[in-house]
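Structure first, commentary second.
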Amino acid sequence: MDFNIAVLKGDGIGPEVINQALLVLDKIGKKYNHQFDFKEALIGGQAIDTVGENLPKETIDICKESDAILLGAVGGPKWDGLSGEKRPEKGLLKIRKILNLYANIRPAILFKELKKACPLKDEIIGDGIDICVVRELTGGIYFGEKATREGKNGKEAYDVESYNEQEIIRIAKTAFEIARKRNKKVVSVDKANVLESSRLWRKTVNEVSKKYEDVILEHMYVDNASMQLIKNPQQFDVILTSNMFGDILSDEASMITGSIGMLPSASLGEGNIGLYEPIHGSAPDIAGQNKSNPIATILSVAMMLRHSFDLEDEAKDIENAVVNVLSNNYRTIDIMDDKNKLVTTNEMGSLIMEKI
Ligand code: IPM
Ligand code: MG
């Protein structure tokens, strides 16, 4: 089969982790006889420096013409002085919005090989952690009205958190559908004791849940949820939450899996095009040093094969290869401990590729 993939390497460690993921894809192509055609396009700081804008029209066109998008990371201190609209991150937010990718799936799985990299005690980890964060991605405070203006006491700024029923219904359905295929439990995270938007969120999620009686629904305030994730992560199966809370909680969940360098993500919508990216940022402090962890991006490729191309065997092959390399004790620096063999970004990519 033939697949067109838009490749948006972006900034910082983006290019180096994407390069390893592309090698893995090539290997899958050869082994299973698929043709993956990559088309590179600019986004974020890289695009600002080259053509003066964070999401050039050409990139949007290439994404729209592709079957799926693979993205590295955007942002860095170099562009910190830019206004909100011009920042690298805005390029990413725009492409999510343009393609209506409202459902961001972030699986946080602690591989047993990485137990030592998890900062929690053995008795808390128990027989493992397997959480799926379902984050709303095209609404909420990220996209609400925002401005800076002159006020009575100097400048003031605001960002509006707003959700409508339709936005909540569709992401809630996604979460319940996913839960159905897992352990049939959804914890919906909000701040309904304070926020009006959270009260609508909770009420609407309750409505949607009536069609999913086989799935247990629980509500949790976000402050409590962030504490429960550390205290008893095993209680979670699917976490359903808003754009902002999902951003924060998925970073927290990633650390439980050993490192933020381990967490992949899929952003899906009603259309056919999915966007796949590691949840980590551009890590400018280690960029170009060949020490970042490419596993989150490689696992994002596995998600692409599964969700966009319906290639379950190929996806599993990649995931097994990752586990295989980890069980042979190879580690990038972020998941390293004294008994392991330290490898570079490129070495980790090659090792995984060889196991496919
Ligand atoms: C993420 C990132 C982005 C977000 C940034 C880079 C805009 O933190 O994907 O989690 O906040 O969504
Ligand atoms: Mg984030």
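Given the condition touching a residue at least 24 places away in the same chain (Cβ under 8 Å) and in contact with a Lys or Arg (Cβ under 6 Å, 6 or more places away or on another chain), answer yes or no: does some residue in segment 146-169 qualify? No; the residues of segment 146-169 include none that is touching a residue at least 24 places away in the same chain (Cβ under 8 Å) and in contact with a Lys or Arg (Cβ under 6 Å, 6 or more places away or on another chain). Could you run through segment 71-84 and say how many residues are loosely packed, with under 13 Cβ neighbours inside 10 Å and either within 22 Å of the chain's Cα centre (by Cα) or among the polar types (S, T, N, Q) (or both)? Selection size over segment 71-84: 2.
Considering E161, E145, E123, E165, the condition of being acidic (D, E), surrounded by 18 or more Cβ atoms within 10 Å (Cβ to Cβ) and either under 29 Å from S226 (Cα atoms) or within 15 Å of ligand 2 (Cβ to nearest atom) (or both) is satisfied by E161 alone.
From (1) out of contact with any helix residue (DSSP H, G or I) (no Cβ under 8 Å at 6 or more places or on another chain); (2) away from ligand 1 (no atom under 14 Å from the Cβ), pick out the condition that doesn't hold for M255. Result: M255 passes all but (2).
If the condition is being hydrophobic (A, V, I, L, M, F, W, C), more than 22 Å from P233 (Cβ to Cβ) and open to solvent by less than 80 Å² (accessible area, probe 1.4 Å), then segment 176-211 contributes A192, L195, L200, W201, V208. Hey, among the residues in segment 276-302 that are within 10 Å of Q20 (Cβ to Cβ) and assigned to a helix (DSSP H, G or I), which one's nearest to ligand 2 (Cβ to nearest atom)? Restricting to residues being within 10 Å of Q20 (Cβ to Cβ) and assigned to a helix (DSSP H, G or I), the top hit is T297. All told, T344 meets the bar of being at pLDDT 95 or above, in the same structural domain as D67 (by TED's automatic domain parsing), surrounded by fewer than 22 Cβ atoms within 10 Å (Cβ to Cβ) and over 17 Å from A117 (Cα atoms).
Taken over segment 58-99, the residue count meeting the criterion of being away from ligand 1 (no atom under 16 Å from the Cβ), part of a loop (DSSP other than H, G, I, E, B) and over 20 Å from G274 (Cβ atoms) is 1. For L55, state whether it is in contact (Cβ under 8 Å) with a residue 40 or more places away in the chain, open to solvent by less than 70 Å² (accessible area, probe 1.4 Å), part of a loop (DSSP other than H, G, I, E, B) and in the same structural domain as E347 (by TED's automatic domain parsing). Yes; evaluated as a whole, the condition is true for this residue. With respect to (1) open to solvent by 30 Å² or more (accessible area, probe 1.4 Å); (2) closer than 21 Å to D11 by Cβ, the lone exception for N293 is condition (1). Only a single criterion out of (1) over 23 Å from H34 (Cα atoms); (2) away from ligand 1 (no atom under 16 Å from the Cβ); (3) open to solvent by 60 Å² or more (accessible area, probe 1.4 Å) is not satisfied by H307, namely (1).
Just to verify a result, which residue in segment 260-275, among those that are away from ligand 2 (no atom under 11 Å from the Cβ) and not in a strand (DSSP E or B), is most open to solvent (accessible area, probe 1.4 Å)? Applying the filter and picking the extreme gives N272.
Among the residues making up segment 8-23, a single one is among the aliphatic types (A, V, I, L, M), touching a residue at least 60 places away in the same chain (Cβ under 8 Å) and surrounded by fewer than 24 Cβ atoms within 10 Å (Cβ to Cβ): L23.
The values are calculated or read from the model by the stated rules, or taken from the named source; none is laboratory data. Quick caveat, the model's predicted, so the values are computed rather than measured. A quick note on method: Cβ atoms are made from the backbone with ideal geometry, for glycine too, and the neighbour counts reach across all protein chains shown. The accessibility values were calculated without ligands, DNA or RNA, using every heavy atom of the protein model including side chains. Shrake-Rupley method; radii C 1.70, N 1.55, O 1.52, S 1.80 Å.
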